[in-house]
Amino acid sequence: MTRDRWPTPGQTIGPFFAFALQYDGDAALVADDHPDAVTLRGRVLDGAGQPVPDALVELWQADRDGAVVRAGGSLHRDGTFSGWGRCGTDDDGAWSFRTVTPGAPFFALTVFARGLLDRLHTRAYLPDAPDDALLAGLDPGRRQTLRARPAEGGFVFDIRLQGDGETVFLAYSPDRAPPD
């Protein structure tokens with residue numbers, strides 16, 4: 001194969017999320033026996049409503065008092081609540097986090113999936129959270145794509161990448177991120 005015919009990263013087989021980016025306990029922000037543990041779960045679906053089995057969902061959230069966690073977390077899940085987790089989807093596009101209900105009105109989610117050149121950012125608002133400026137600025141039908149549904153033991157939030165019922169995705173600029 002000549003050098004000008006070598007595959008570029010965009011032409012290679014992938015993504016490799018399940019192989020390279022997952023680790024034991026990645027979706028458990030709190031222990032099973034934590035008194036305030038809830039489950040946030042859902043599915044990643046493509047434009048035809050089919051599951052995306054090779055996606056990766058990251059969760060960022062405030063603690064139950066509404067404070068953004070500033071202390072360093074641990075990939076080893078040593079009991080420090082970091083407000084961050086990662087979960088790959090299964091064959092049905094399903095993902096699930098064990099965490100606490102945030103004191104803020106939403107969970108922040110990031111999605112990595114095949115066909116995406118960059119990650120997608122969205123929010124899963126608590127079912128009874130009042131509309132904030134972001135929600136109030138959306139058409140009511142689109143607003144519903146950001147609302148988690150109550151479920152036994154927690155919440156359900158499906159992420160639709162495109163098509164009818166597409167989840168609202170947010171632009172993210174590191175220049176506008178909160179200061180450390």
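The values are calculated or read from the model by the stated rules, or taken from the named source; none is laboratory data. Because the structure is predicted, anything quoted here is derived from the model rather than measured. Because the Cβ atoms are built from the backbone with ideal geometry, glycine has one as well, and the counts that use them run over all protein chains shown.
Among the strands (runs of 3 or more DSSP E) confined to the stretch 77-180, the ones with at least 1 residues that are at positive phi and touching a residue at least 60 places away in the same chain (Cβ under 8 Å) are located at 154-156. Contact annotation: residue pairs with Cβ atoms under 7 Å, 6 or more positions apart or on different chains, pairing a residue in the stretch 29-50 that is closer than 24 Å to V168 by Cα and modelled with pLDDT of 95 or more with a partner that is surrounded by 12 or more Cβ atoms within 10 Å (Cβ to Cβ) and among the basic types (K, R), are T39/R98; L45/R160. Just to be sure I understand, how many residues within the stretch 60-86 are in contact with a strand residue (DSSP E or B) (Cβ under 8 Å, 6 or more places away or on another chain) and surrounded by fewer than 21 Cβ atoms within 10 Å (Cβ to Cβ)? Matching residues across the stretch 60-86 total 11.
Is it the case, given these coordinates, that G153 is more than 18 Å from the chain's Cα centre (by Cα) and under 20 Å from A27 (Cβ atoms)? Don't jump to the end; show me each part of the working.
Values: more than 18 Å from the chain's Cα centre (by Cα): yes; under 20 Å from A27 (Cβ atoms): yes.
Criteria met by G153.
Looking at the stretch 53-91, which of its residues are under 17 Å from A124 (Cβ atoms) and in contact with a Ser or Thr (Cβ under 8 Å, 6 or more places away or on another chain)? Listed by number, the residues that qualify are A55, L56, V57, E58, L59, W60, Q61, R64, G85, C87. For the stretch 105-127, a residue qualifies if it is modelled with pLDDT under 95 and either in contact with a strand residue (DSSP E or B) (Cβ under 8 Å, 6 or more places away or on another chain) or not small (G, A, S) (or both), and the qualifying residues are F112, A113, R114, L116, L117, D118, R119.
Of note, A94 does not satisfy the criterion of being within 17 Å of V68 (Cα to Cα) and among the aliphatic types (A, V, I, L, M).
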